[in-house]
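Q: Once you've had a glance at the structure underneath, I'll fire off some questions.
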Amino acid sequence: MIEEYQRLDKRVQKWLFNQGWPDLREIQKRAIAPILAGDTDVLISASTAAGKTEAFFLPACSAIAEERSGFGILYISPLKALINDQHRRLETLSEMLDMQVTPWHGDSLQSKKKKARNNPSGIILITPESLESLLVREPGWVKQSFTSLKYIVIDEFHAFIGTERGQQLLSLLIRLEHLTGRISNPIPRVALSATLGELEKVPLSLRPNKSLPCETITNSQHQSTIKVNVKGYLEPANIKPSDTRTSAEEQICQEIYRLCRGDSHLVFANSRSRTESIAARLSDLCDQQVMPNEFFPHHGSLSKELREDLEARLQKETLPTTAICTMTLELGIDIGKVRSVIQVTPPHSVSSLRQRLGRSGRRNSPSILRMLIAENELTSKSNIMNGLRLGLVQSLAMIRLLIIKSWFEPADTEKMHLSTFVHQILAVIAQWGSARTDQLYFLLCEQGPFKEITIERFKQLLSHMGKVQLIQQLNSGELVLGIEGERLTNFYTFYAVFKTPEEFRIVAGSKTLGTLPVDSLILKDQHIIFGGRRWKVVNIDDEKKVIHVISAKGGKPPNFNGGGMSIHDRVRQEMLSIYRAGDYRIEVGNQKTDFVDNTGRQLFQEGVYLFKEACIEEQPVYQSGNNCYVFSWMGDKVVNTLTVLLIRSGFVCSNFAGVIEVQNANADSIKNCLIDIAKDGLPSETELAGILFIKQKINEKYDEYIPEDLLTEGYGRKAFNSRAAKQWILTL
């Protein structure tokens, strides 16, 4: 440690001594030289609690220790709660250095902001939305305060890559460099994350214009102990009041109560409704046992006060506390020592699973992951999807990809992010008062992250923005805000590029069954599964956002719903490998480790038996009675593509958990249809998206201001993959 340690500021060395650290960790040592050099971007990818934050701040604070004029470090976080947590963690180090640390977001103390306004220095901790607000409203102050900036650090970088907020953030950073005259002398960027797929591609996501090289630092020596246990549960069919059997959810709640009483845990239930129902049942169990409640929900619809009270209770570690949560506690807020993480239902992604696993096992204790997976009891009406136990096998596939192959989903870099592009055009014009078209294209497309926007698309978009009065062109040729643009940019909600997706109401007769996100893939005559029943879509009211359905025939729908998020090809390919091998176990040394309980093993064997008995590997289009099932073992983009192709050809289809169910059809007719389509050439992603109603494609904040053909192209890239679908069809 001596050589690296001595390169740090003496006061930082003293702080380390006071912490009682016997040595710096590997990534902390390796990060010192490139960060102090200040001439390269740095990507620090290491597991949760491996010391990534200190790996950046120890050398970076040393580098700006004597600076007193202007901010030296810009720290960007996806969450206000993470900023508050980081502010607390930096407290003693900043006191040692007599360095100002300013949390800057909507809930920050005005006194701290005022102090930083008058004397900008040290570290500013901010969200992308607050940075956008400063650039638009106070560009003069930003130019003065950020000109001497030495570092930009982005925490939880994986949460930004490939998203609307991520595009906004990258655009903000190039705009900040432009404002401070740093385009030719770029500000080094440092990205921190525990879950980055395809690491070799991440530097381009960190700096699209490649104006600085990037050094990647990973944690080769850090080894953590992981304990994994998967439990299977059977959802009984046709439970009657006199039945002594209990539902799978009741069994799961009883198990959570047994495992979690008396300690602190996180339970991820994926949906908000299930989060609430499990939390309520666990609270009831506490009441029945005349015990104080230890189980509390945590999700985005709760008030800030309720969420923060629960976070504070977890941090104090004085009372046993279990949070039943959605994705809200997935990121790196310090919530103290959590004994285990429990996943109810299959996780959204391998990346998400890794983040969740990293919430336990801190402070030299093993990371403990428990997965509680329910499957339907099989009856004469069950279909092959239930019999294959897809939810359980997907969970096992994700565990294997995480532990054996250390694989995470890479970002989807094919998206055009047109809504965010519209937002950034408005933001730049609002910031400067006016802008020329060539300036906008240079800043946002050539230097910025919108590389997919060609000059032709750019001109088309600007023309349309003029028609809808977002912008107007002066006689000098410069663009200024139009009436609608002024209205949007003057409203406080402008600074965020994301919004909660609008939803369609699902209506059967006069009864509203619930809602589905507007961007769900729904077509007229399609069969969908909602509320545990099968429905046929008879009409879609595009204006009122209502889907009219009637009851459809069919067996009991599958229990597994896939979590509502897009599944990657690699996950389904791993599922296929598990079915082929009939084995999910993980090799440790010369032995295979089994991590599934007896019920789970029995359910798994049922699924493997059916897979082999039905010869599904040899029959990817499987006939069962009057219906067929298409098993592509590909991700949702390919499944969506195949589904739309079949519906266009007159088949009645639905897709569920990666399997396409085709009603009243035979396998040969389906295969012949797909092969004929492939021979003639598959429609492009844009052509497939053109089939959908316009409202289904308006799901991001500024989509309504985008011309329909561009909107269709953008949606097609997000939802379909014609090339991969054709490759699969040619294997039939």
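Q: In the range 564-587, how many residues are within 17 Å of Val228 (Cβ to Cβ), among the β-branched types (Val, Ile, Thr) and outside any helix (DSSP H, G or I)?
A: Qualifying residue count for the region: 1.
Q: For the condition in the same structural domain as Ile187 (by TED's automatic domain parsing), assigned to a helix (DSSP H, G or I), out of contact with any Asp or Glu (no Cβ under 7 Å at 6 or more places or on another chain) and among the basic types (Lys, Arg), what is the one hit in Lys29, Lys14?
A: Values: Lys29 fails: out of contact with any Asp or Glu (no Cβ under 7 Å at 6 or more places or on another chain).
On inspection, the qualifying residue turns out to be Lys14.
Q: A follow-up question, please. Filter the range 500-511 down to the residues that are in a strand (DSSP E or B) and within 25 Å of Asp703 (Cβ to Cβ), then identify the one that is modelled with the lowest pLDDT. Spell out the reasoning first.
A: Let us first name the residues in the range 500-511 that are in a strand (DSSP E or B), namely 503-508, 511.
Of the ones still in play, those that are also within 25 Å of Asp703 (Cβ to Cβ) are 503-507.
Numbers: Glu503: 67, Phe504: 76, Arg505: 81, Ile506: 82, Val507: 87.
Across the range 500-511, the extreme among qualifying residues is Glu503.
Q: Answer yes if at least one residue in the range 588-609 is over 19 Å from Val230 (Cβ atoms), among the aliphatic types (A, V, I, L, M) and modelled with pLDDT of 95 or more, and no otherwise.
A: As a first pass, look at the range 588-609 and keep what is over 19 Å from Val230 (Cβ atoms): 589-590.
From what is left, the residues that are among the aliphatic types (A, V, I, L, M) are none.
No.
The rows are residues; the columns are (1) farther than 30 Å from Val422 by Cβ; (2) of a type in the set (Asp, Glu); (3) assigned to a loop (DSSP other than H, G, I, E, B).
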residue: Cys653; (1), (2), (3): yes, no, no
residue: Lys671; (1), (2), (3): yes, no, no
residue: Leu688; (1), (2), (3): no, no, no
residue: Leu692; (1), (2), (3): no, no, yes
residue: Gln696; (1), (2), (3): no, no, no
residue: Leu710; (1), (2), (3): no, no, no
residue: Gly716; (1), (2), (3): no, no, no
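Q: Taking the residues in the range 333-346 that are at pLDDT below 85 and touching a Leu at 6+ places or on another chain (Cβ under 6 Å) as candidates, determine which candidate is nearest to Val267 (Cα to Cα). Explain how you work it out, then say what you get.
A: Start the filter on the range 333-346 by keeping residues that are at pLDDT below 85, which leaves 333-338.
Narrowing the set further to residues that are touching a Leu at 6+ places or on another chain (Cβ under 6 Å) leaves 333, 335-336, 338.
Numbers: Ile333: 16, Ile335: 14, Gly336: 15, Val338: 11 Å.
That would be Val338.
Q: Let me ask something else about it. Checking the conditions here, which among Gly625, Gly690, Gly635, Gly650 is modelled with pLDDT under 90, among the small types (Gly, Ala, Ser) and surrounded by fewer than 21 Cβ atoms within 10 Å (Cβ to Cβ)? Working first, answer last.
A: Working: Gly690 fails: modelled with pLDDT under 90; Gly635 fails: modelled with pLDDT under 90; Gly650 fails: modelled with pLDDT under 90.
Unique residue meeting the criteria: Gly625.
Q: Quick one: would you say Arg534 is at pLDDT 95 or above and either buried (at least 18 other Cβ atoms within 10 Å of the Cβ) or farther than 27 Å from Val659 by Cα (or both)?
A: No: the conditions fail for Arg534.
Q: Just checking, does the range 233-244 include any residue being farther than 30 Å from His423 by Cβ and small (Gly, Ala, Ser)? Walk me through how you get there before you give the answer.
A: So in the range 233-244, the residues farther than 30 Å from His423 by Cβ come out as 233-244.
In the following step, the residues that additionally are small (Gly, Ala, Ser) were identified as 237, 242.
Within the range 233-244, one or more residues are farther than 30 Å from His423 by Cβ and small (Gly, Ala, Ser).
Q: Might you check whether a residue that is touching a residue at least 40 places away in the same chain (Cβ under 8 Å), touching a helix residue (DSSP H, G or I) at 6+ places or on another chain (Cβ under 8 Å) and over 30 Å from Glu409 (Cα atoms) occurs anywhere in the range 155-169?
A: No, the conditions are met nowhere in the range 155-169.
For (1) closer than 30 Å to Tyr151 by Cα; (2) out of contact with any strand residue (DSSP E or B) (no Cβ under 9 Å at 6 or more places or on another chain); (3) among the polar types (S, T, N, Q), each residue gets a yes or a no:
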{"position": "Leu206", "(1), (2), (3)": "yes, no, no"}
{"position": "Gln251", "(1), (2), (3)": "no, no, yes"}
{"position": "Leu266", "(1), (2), (3)": "no, no, no"}
{"position": "Arg272", "(1), (2), (3)": "no, no, no"}
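Q: Can I ask one more? Can you tell me which residue within the range 86-107, out of those that are assigned to a loop (DSSP other than H, G, I, E, B) and at pLDDT 90 or above, is surrounded by the fewest Cβ atoms within 10 Å (Cβ to Cβ)?
A: Ranking the candidates gives Asp98 first.
Q: Tell me yes or no: at least one residue of the range 266-281 is within 30 Å of Ser360 (Cα to Cα), in contact with a helix residue (DSSP H, G or I) (Cβ under 9 Å, 6 or more places away or on another chain), without any contact (Cβ under 8 Å) to a residue 60 or more places away in the chain and in a helix (DSSP H, G or I).
A: Within the range 266-281 (the criterion being within 30 Å of Ser360 (Cα to Cα), in contact with a helix residue (DSSP H, G or I) (Cβ under 9 Å, 6 or more places away or on another chain), without any contact (Cβ under 8 Å) to a residue 60 or more places away in the chain and in a helix (DSSP H, G or I)), the answer is yes, since at least one residue qualifies.
Q: So, one more: Would you confirm whether or not the range 662-672 contains a residue that is touching a Cys at 6+ places or on another chain (Cβ under 7 Å), surrounded by 22 or more Cβ atoms within 10 Å (Cβ to Cβ) and among the aliphatic types (A, V, I, L, M)?
A: yes
Q: Here is a further query. Can you tell me how many residues within the range 60-85 are within 30 Å of the chain's Cα centre (by Cα), closer than 26 Å to Ala33 by Cβ and assigned to a helix (DSSP H, G or I)?
A: Selection size over the range 60-85: 1.
Q: Something else: Look through Ile239, Ile183 and report the one residue that is more than 24 Å from Lys415 (Cβ to Cβ), surrounded by fewer than 22 Cβ atoms within 10 Å (Cβ to Cβ), hydrophobic (A, V, I, L, M, F, W, C) and modelled with pLDDT of 90 or more.
A: On the way: Ile239 fails: modelled with pLDDT of 90 or more.
None of the other options fit; the residue is Ile183.
Q: Could you run through the range 307-320 and say how many residues are closer than 19 Å to Ser277 by Cβ and touching a residue at least 24 places away in the same chain (Cβ under 8 Å)?
A: Total satisfying the criteria: 1.
Q: Looking at Leu392, Leu357, can you tell me which residue is at pLDDT 90 or above and not β-branched (Val, Ile, Thr)?
A: Numbers: Leu357 fails: at pLDDT 90 or above.
Exactly one of Leu392, Leu357 is at pLDDT 90 or above and not β-branched (Val, Ile, Thr), namely Leu392.
Q: Another one. Cβ-Cβ below 6 Å, separation at least six or inter-chain, first residue in the range 642-661 and at positive phi, second aromatic (Phe, Trp, Tyr): which pairs?
A: Taking only residues 6 or more apart or on different chains, the pairs are Ala657/Phe560.
Q: Among the residues of the range 133-158, count how many are in a helix (DSSP H, G or I), of a type outside the set (A, V, I, L, M, F, W, C) and closer than 18 Å to Leu82 by Cβ.
A: 1
Q: Give the range 282-296 a look and list any residue that's in a helix (DSSP H, G or I) and buried (at least 21 other Cβ atoms within 10 Å of the Cβ), or say none.
A: Taking the range 282-296 first, the residues in a helix (DSSP H, G or I) are 282-288.
Correct list: Leu282 only.
Q: Can you find even one residue in the range 208-231 that is over 30 Å from Ala31 (Cβ atoms) and either over 27 Å from the mean Cα position of the chain (by Cα) or hydroxyl-bearing (Ser, Thr, Tyr) (or both)? Break it down stepwise before answering.
A: So the first thing to find is which residues in the range 208-231 are over 30 Å from Ala31 (Cβ atoms), and the list is 228-231.
Cutting the leftovers down to either over 27 Å from the mean Cα position of the chain (by Cα) or hydroxyl-bearing (Ser, Thr, Tyr) (or both) gives us none.
Within the range 208-231, none of the residues are over 30 Å from Ala31 (Cβ atoms) and either over 27 Å from the mean Cα position of the chain (by Cα) or hydroxyl-bearing (Ser, Thr, Tyr) (or both).
Yes/no per residue for (1) under 26 Å from Val428 (Cβ atoms); (2) surrounded by fewer than 21 Cβ atoms within 10 Å (Cβ to Cβ):
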position: Lys115; (1), (2): no, yes
position: Gly122; (1), (2): no, no
position: Ser133; (1), (2): yes, yes
position: Arg137; (1), (2): yes, yes
position: Gly140; (1), (2): yes, yes
position: Ile154; (1), (2): yes, no
position: His178; (1), (2): yes, yes
position: Ala191; (1), (2): yes, no
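The values are calculated or read from the model by the stated rules, or taken from the named source; none is laboratory data. These figures come from a predicted structure and were not determined experimentally. When we count neighbours, we look across all protein chains shown, and the Cβ atoms used for this are built from the backbone with ideal geometry, even at glycine.
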